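Worksheet for the structure shown next.
The values are calculated or read from the model by the stated rules, or taken from the named source; none is laboratory data. The structure presented is a predicted model; accordingly, all values stated were derived computationally and were not measured. Backbone-built Cβ (ideal geometry, glycine too); neighbour counts: all protein chains shown. Note: areas computed on protein heavy atoms with side chains; ligands, DNA, RNA excluded. Shrake-Rupley method; radii C 1.70, N 1.55, O 1.52, S 1.80 Å.
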Amino acid sequence: MTETLPRPQLTDRLSALLGPKGITTDAQDLAPWLTDWRGRYHGAAMAMVAPANAQELAEIVRLASETGTPIVPQGGNSGMVGGATPDSGGGALLLSTRRMNAIREIDPAARTVVAEAGVVLQTLHEAVAAQGLRFPLTLGGKGSATVGGLVSTNAGGTQVLRHGTMRALVEGVEAVLPDGSIYHGLATLKKDNRGYDIRHLLVGAEGTLGIVTAATLKLVPALIDRAVVWAGVHSPLAARELLLMLEARAGREMEGFEIVPQRCLANVLHHIPGTRAPLASAHRWHVLIEFARDNAAAPPPQELAEALMAEAFERDLVQDAAISSSESQAEAFWKLRDSISEAERAEGPAMQHDISVPVADMARFIIEAGAEVERRFPGTEVAAFGHMGDGNVHFHVAAPKGSDRATWPEHPGKEISGFVHDLVVAAGGSISAEHGIGQMKRDELGRLSDAARLMALRAIKQAFDPKGIMNPGKLVPL
Ligand SMILES: Cc1cc2nc3c(=O)[nH]c(=O)nc-3n(C[C@H](O)[C@H](O)[C@H](O)COP(=O)(O)OP(=O)(O)OC[C@H]3O[C@@H](n4cnc5c(N)ncnc54)[C@H](O)[C@@H]3O)c2cc1C
């Protein structure tokens, strides 16, 4: 049964439950949390609730379930697809996990950490580093992104090549389900065959099946040292050959392999203060490679990088390369890579696509799809950069010079995105590699999914959340 409560009565009951620290209805306090990180989506909410623990959160969800009130979970609000932004109706509760920010336990022997949903990624890194350990997932939004958001978007980042996405790093989950019950799944069981894996349903569910309250995460030993290489290459095909060579020769010591077109590097050098060209000569394409070791028996990364780059020169796979000789130089190379989006925003409007195709096909896809888009939409320029080693690039289509920032993303931007997504699907790829679906790609997911995928998505949602209160309007196509 759903009992309809007038809005003031509902917020009164929530205030009584949570106390003054746990709820706000003040428009000014709410405002920053009602717009997404990219500033594309703007919503409204009757209140923002911030429970202190899983029990309080469960009480909120029970009340929301009884009254049919939509709940939008929010962590650091750094998501890229509008997943944490409510609709403009104003009837939803925005549920912030910010107060659930305890690191419950670090177990050095088991190499695990149990962290609550609101723990910020950077804080997690620092806490486990103090115990000689490392959580091997990092991304540009690490100062805001939370454990709950990372689990719920199955986040990726720059170390997926070696350590996998969140799905590979989540060993257990605790969550409040849409009826207000608490799913206790934090135990790390190597073997567990009790049917459907609830943990893996919750990873990547974007808050549509429940609210993650804590997670058990896998750790690895802290790094001993690393070397970062910036190399100029002829083309994505040469980059692919280099990747294959390094995978065969460097194995687990290679943590990241990123591709950067000259256009992106030029934008960064132009717009981002304090950046310098990493190589003396100009190249159409660049790769950034990280070699790292966390095991004293492995070869020092610097030596490994030197030997492998010498071999790559001989095989004409790279034209020039610089190997970091200090941590600050390694950071400087990564800054060039991490500043691409910011520099691009300063340059002008662009349609951004977080896409994947099979790793073996990525080089050809970058070349052929890039040419097709530029032919079909004259004046545009494609810049595909990022996690080439994972078969995932950010395929950005920049507007012709002089385009109107306000109108271009709508027209012809939407048509361009549809065209890019069609090419991705034709290549057997995914229209969301690491950012999720949210509200931004929901309709495209519906347009481009086969009947079986749509049936499964809708049936799972209906089974968990028959009242449709958990993050409505996100992920699951109508
Ligand atoms: C500069 C920058 C660089 C980035 N780089 C990368 C990258 O390389 N790889 C990558 O994968 N992402 C990247 N991101 C995107 C973003 O950081 C990730 O999607 C991150 O996982 C979002 O975490 P959050 O806590 O900010 O979640 P939010 O933005 O608050 O929420 C994201 C989604 O998860 C849901 N959610 C949040 N918390 C919970 C919870 N406790 N339970 C259930 N659902 C919840 C929300 O409803 C929403 O649908 C980047 C972001 C920025 C700003």
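Quick look at the numbers
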read-out	value
In the range 213-246, the residues that are open to solvent by 10 Å² or more (accessible area, probe 1.4 Å) and within 16 Å of the ligand (Cβ to nearest atom)	none
Scan of the range 147-173 for residues that are among the small types (Gly, Ala, Ser), surrounded by 22 or more Cβ atoms within 10 Å (Cβ to Cβ) and closer than 21 Å to residue 255 by Cα, ordered by number	155, 156, 157
Hey, residue 451 under 18 Å from residue 199 (Cα atoms) and among the small types (Gly, Ala, Ser) or not	no
Unique residue being free of Cβ contacts under 8 Å to residues at least 12 places away in the same chain and out of contact with any strand residue (DSSP E or B) (no Cβ under 7 Å at 6 or more places or on another chain) when the list is 179, 192	192
Scan of the range 421-477 for residues that are out of contact with any helix residue (DSSP H, G or I) (no Cβ under 7 Å at 6 or more places or on another chain), assigned to a loop (DSSP other than H, G, I, E, B) and away from the ligand (no atom under 16 Å from the Cβ), ordered by number	428, 429, 449, 450, 466
In the range 178-201, residue farthest from residue 336 (Cα to Cα) [restricted to those that are open to solvent by less than 30 Å² (accessible area, probe 1.4 Å) and within 14 Å of the ligand (Cβ to nearest atom)]	178
Filtered residue count, the range 30-48, keeping only those that are away from the ligand (no atom under 12 Å from the Cβ), in contact with a Ser or Thr (Cβ under 6 Å, 6 or more places away or on another chain) and more than 18 Å from residue 60 (Cβ to Cβ)	2
Boolean, residue 32 is surrounded by fewer than 17 Cβ atoms within 10 Å (Cβ to Cβ) and modelled with pLDDT of 95 or more	yes
Any hit, the range 247-259, residues being surrounded by fewer than 22 Cβ atoms within 10 Å (Cβ to Cβ) and more than 26 Å from residue 391 (Cα to Cα)	no
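A quick yes/no check of all residues on (1) under 19 Å from residue 243 (Cα atoms); (2) modelled with pLDDT of 95 or more; (3) under 19 Å from the mean Cα position of the chain (by Cα):
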site: 302; (1), (2), (3): yes, yes, no
site: 308; (1), (2), (3): yes, yes, no
site: 312; (1), (2), (3): yes, yes, no
site: 319; (1), (2), (3): yes, yes, no
site: 356; (1), (2), (3): yes, yes, yes
site: 367; (1), (2), (3): yes, yes, no
site: 373; (1), (2), (3): no, yes, no
site: 378; (1), (2), (3): no, yes, no
site: 382; (1), (2), (3): no, yes, no
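This table checks each residue for (1) surrounded by fewer than 23 Cβ atoms within 10 Å (Cβ to Cβ); (2) touching a helix residue (DSSP H, G or I) at 6+ places or on another chain (Cβ under 7 Å); (3) β-branched (Val, Ile, Thr).
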position: 28; (1), (2), (3): yes, no, no
position: 38; (1), (2), (3): yes, no, no
position: 70; (1), (2), (3): yes, no, no
position: 93; (1), (2), (3): no, yes, no
position: 100; (1), (2), (3): no, no, no
position: 113; (1), (2), (3): no, yes, yes
